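Down below is the structure, laid out as structure tokens.
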């Protein structure tokens, strides 16, 4: 498996999808409601089509949030599969606050081995590959990037900063809960003051990997495509995402693609 070539392709696919999203972002777009009561826009669908067009050349099966998911009897035979959330944080997209991402992950035997997360509005790119590490490309660097090779050579290795002195928890902007507040109260008993910072989409996982936050606890519904890319980025930066039911790293391409509750932690 040529991970380097697949990583470059995944990065290219994420950047192309970002362009499709931004075409819609500043227009008076229409918001539909899916059967699970979540919003979807033309940007979600356009980004999904763009990513599939780029990744199909790998001949690796693709699971995208915006496409029908095949039965597990078919999927369980796959050693490799792409997991794609073409627009993670549609609620934030609708609010036009810029806190949404493109998520692409390559799964190998139920574990993420490549992860790419791109923030189209902020022009920030996070990516990781097994046995290679996790990296970030900042907005300032994008003006110098004309070829994908430059992305790899100019990226900054994660984590990019020391953890804050005060214990910091990153939490969802749109999915707060009483259980999370109870968890934070417990942390205060251990660490004293606790900072809470809110942000949308998989940016939360990126911030844990980057060193902006100690942890991200999710006690709510997520799907595999929401977390796979972020898990790879966190793990290759030395951290971990733990399934709170199994107490083991999260696994992917399961029978039920809904995640259990989990906690993401920065490396010690």
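The values are calculated or read from the model by the stated rules, or taken from the named source; none is laboratory data. The shown structure was predicted, so the numbers you read here are calculated from the model rather than taken from an experiment. Virtual Cβ from ideal backbone geometry, glycine too; neighbours counted across all protein chains shown.
Being more than 21 Å from the chain's Cα centre (by Cα) and at pLDDT 90 or above is the filter; apply it to segment 1-23 and report the residue that is surrounded by the most Cβ atoms within 10 Å (Cβ to Cβ). Selected residue: 23.
Listed by position, the strands (runs of 3 or more DSSP E) inside segment 184-268 whose residues that are without any contact (Cβ under 8 Å) to a residue 40 or more places away in the chain number at least 3 are 194-199, 240-243. Give the number of residues within segment 125-156 that are at pLDDT 90 or above and surrounded by fewer than 18 Cβ atoms within 10 Å (Cβ to Cβ). Selection size over segment 125-156: 4. When each of 164, 159 is tested for being crowded, with 18+ Cβ neighbours inside 10 Å and farther than 19 Å from residue 222 by Cβ, the lone residue that passes is 159. Whether a residue is in the same structural domain as residue 80 (by TED's automatic domain parsing), out of contact with any helix residue (DSSP H, G or I) (no Cβ under 6 Å at 6 or more places or on another chain) and crowded, with 17+ Cβ neighbours inside 10 Å was assessed, and residue 48 passes this test. Residue count for segment 220-261 under the criterion of being over 24 Å from residue 60 (Cα atoms) and either in the same structural domain as residue 114 (by TED's automatic domain parsing) or crowded, with 21+ Cβ neighbours inside 10 Å (or both): the result is 3. When segment 125-142 is filtered for residues that are part of a strand (DSSP E or B) and more than 14 Å from residue 205 (Cα to Cα), the ones remaining, listed by number, are 129, 133, 137.
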